[in-house]
1. Would you mind finding the one in A:Arg86, A:Arg39, A:Arg60 that is surrounded by fewer than 15 Cβ atoms within 10 Å (Cβ to Cβ), at pLDDT 95 or above and of a type in the set (Lys, Arg)?
2. For the stretch B:37-70, which residues satisfy the criterion of being part of a helix (DSSP H, G or I) and among the polar types (S, T, N, Q)?
3. Report, ordered by the first and then the second residue, all pairs with beta carbons closer than 7 Å, sequence separation of six or more or different chains, a first member in the stretch A:50-79 that is of a type in the set (Phe, Trp, Tyr), and a second member that is modelled with pLDDT of 95 or more and more than 6 Å from DNA strand C (Cβ to nearest atom).
4. Only one of (1) loosely packed, with under 15 Cβ neighbours inside 10 Å; (2) within 12 Å of DNA strand D (Cβ to nearest atom) fails for B:Gly49. Which number is that?
5. Suppose we filter B:Ala173, B:Ala168, B:Ala213, B:Ala196 for residues that are assigned to a helix (DSSP H, G or I) and within 12 Å of chain A (Cβ to nearest Cβ); which single one remains?
6. So which residues in the stretch A:102-127 are in a loop (DSSP other than H, G, I, E, B) and either over 27 Å from A:Glu150 (Cβ atoms) or facing chain B (nearest Cβ under 10 Å) (or both)?
7. Taking B:Gly114, is it touching a Phe, Trp or Tyr at 6+ places or on another chain (Cβ under 8 Å) and assigned by TED's automatic domain parsing to the domain that holds B:Pro189?
2 protein chains.
Amino acid sequence: MSKSEIASGGIGNEPRLSRASVARFSLYLRHLERFERERVRNVSSSMLGEALGITDAQVRKDLAYLGNLGQPGIGYPTQDLIAALRNRLGVDRQWACVVVGAGNLARALLRYKGFEKHGFRFVALFDSDADKIGKMVEGLQVLPIQNLKETVGATGATLAVLAVPAEAAQPVADAVVEAGIKGILNFAPIMPRLPAGVSLIGVDLAIQLEQLAFLVHLSQTESKLDPR
Amino acid sequence: MSKSEIASGGIGNEPRLSRASVARFSLYLRHLERFERERVRNVSSSMLGEALGITDAQVRKDLAYLGNLGQPGIGYPTQDLIAALRNRLGVDRQWACVVVGAGNLARALLRYKGFEKHGFRFVALFDSDADKIGKMVEGLQVLPIQNLKETVGATGATLAVLAVPAEAAQPVADAVVEAGIKGILNFAPIMPRLPAGVSLIGVDLAIQLEQLAFLVHLSQTESKLDPR
DNA sequence: GGATGTGAACGACTTCACAGCG
DNA sequence: CGCTGTGAAGTCGTTCACATCC
């Protein structure tokens, strides 16, 4: 079995899920929800491909992982496809999240309403700064980090968002893992070490800006990027 | 010439830059800066590989693009490598950026000091909300969007950060392009259409959270992820 | 006809393995 | 020796092309 397959427990000849597809699943879902709002009953692989900027064959390969939902000559029933995707992605249930670090980034996240629509609910906000503890921020009271374990237990939170300075990232990561958190969205510009079984996604804004500058730099100096 | 090569204007047999390498260059730089702080004179491909979780051969392939900086038996001189990388990435100069959307996200970005160290400077902040215009936010006065073109011209800004709601993203993107911006870092959950010659990097936080939930979901249901 | 599902071909990226140099 | 630079091999992901089904 190849290394890059994300194990399907199956007998062995059902479609497998590649890492690359994983990254596209959320995008499919987003566009499908748009199609549904536009009352499109069936979507074809080429409609989705165009929306994402990939080929129709690629789309069909990806969607094959969800089972044989497509109907030749018709396409995929929008609603069924959404349901299947939500199920596979795990967003057909509620995810309770805690936020650590009560700064402006936390405010921005808590205020953004897009998360709730996708099943994410922020249930608690923590900080280590004594001045902030007890204050209300976007409807949540700032709690001391010492309360993490208790709160995670009481709320059943599974995910944590780390919006803390670089120095604090590793100890806070350790603390949330200790508290029982299974997935971390990290905004600090370091990659914390985590035990197996805890997932991590990092968003490093300085690196994103740097990549952007690089792209501009490239197109300003010599080269052409092939348009993809 | 292969499609995925990012054109090197060269004669034809110097190392080429792959899309995948591009994404790693910023990471190399980050770790190199750490090594430099730790007074490491020379770094080997295996040191960098370990830091990024990739093989040493991969590192050497990537770094070959910078020219023959490596010394057999020794490694790469840390400082030279940093200088070469900065030069290629285009972060050996200042990048002036404007921010559109004076909300909490903008506050968080403006307050974060990590950008300046990498040569990024936020020179102006815009909003369409009349209540915000004229107010000071983290040392910048909020300007009306109508001033974009003038300000971009006066400051020489090349990059724009879009921290606006989804509905506003496309018109604002059009406006900053019209004003002469060459690269956009977009936080709105849509991908704006842009003319060729303008680069775009999108950061969609809802999608990141969804990916995280998916990873946790996967590891909770069946499967094992290979640890990379 | 129109669109799916899929083996086969293709291309890109990664790893291997080793010659060559300090 | 140790470590680079690099052709060759291998692996993964994407696209092609077409049989198949509604």
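1. That would be A:Arg39, the only listed residue that is surrounded by fewer than 15 Cβ atoms within 10 Å (Cβ to Cβ), at pLDDT 95 or above and of a type in the set (Lys, Arg).
2. B:Ser45, B:Ser46, B:Gln58
3. From residues that are of a type in the set (Phe, Trp, Tyr), the pairs are A:Tyr76/A:Asn42; A:Tyr76/A:Val43.
4. For B:Gly49, the exception is condition (1).
5. Going through B:Ala173, B:Ala168, B:Ala213, B:Ala196 in turn, the sole match is B:Ala213.
6. A:Gly103, A:Tyr112, A:Lys113, A:His118, A:Gly119
7. Here the answer is no, as B:Gly114 does not meet what is asked.
Per-residue answers, yes or no, for (1) more than 9 Å from DNA strand C (Cβ to nearest atom); (2) over 16 Å from B:Pro77 (Cα atoms):
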| residue | (1), (2) |
| --- | --- |
| B:Ala23 | no, yes |
| B:Arg30 | yes, no |
| B:Glu33 | yes, no |
| B:Ser44 | yes, no |
| B:Leu48 | yes, no |
| B:Ala51 | yes, yes |
| B:Ile54 | no, yes |
| B:Lys61 | no, yes |
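The values are calculated or read from the model by the stated rules, or taken from the named source; none is laboratory data. Worth saying up front: this structure is predicted, and the values here are computed from it rather than measured. Backbone-built Cβ (ideal geometry, glycine too); neighbour counts: all protein chains shown.
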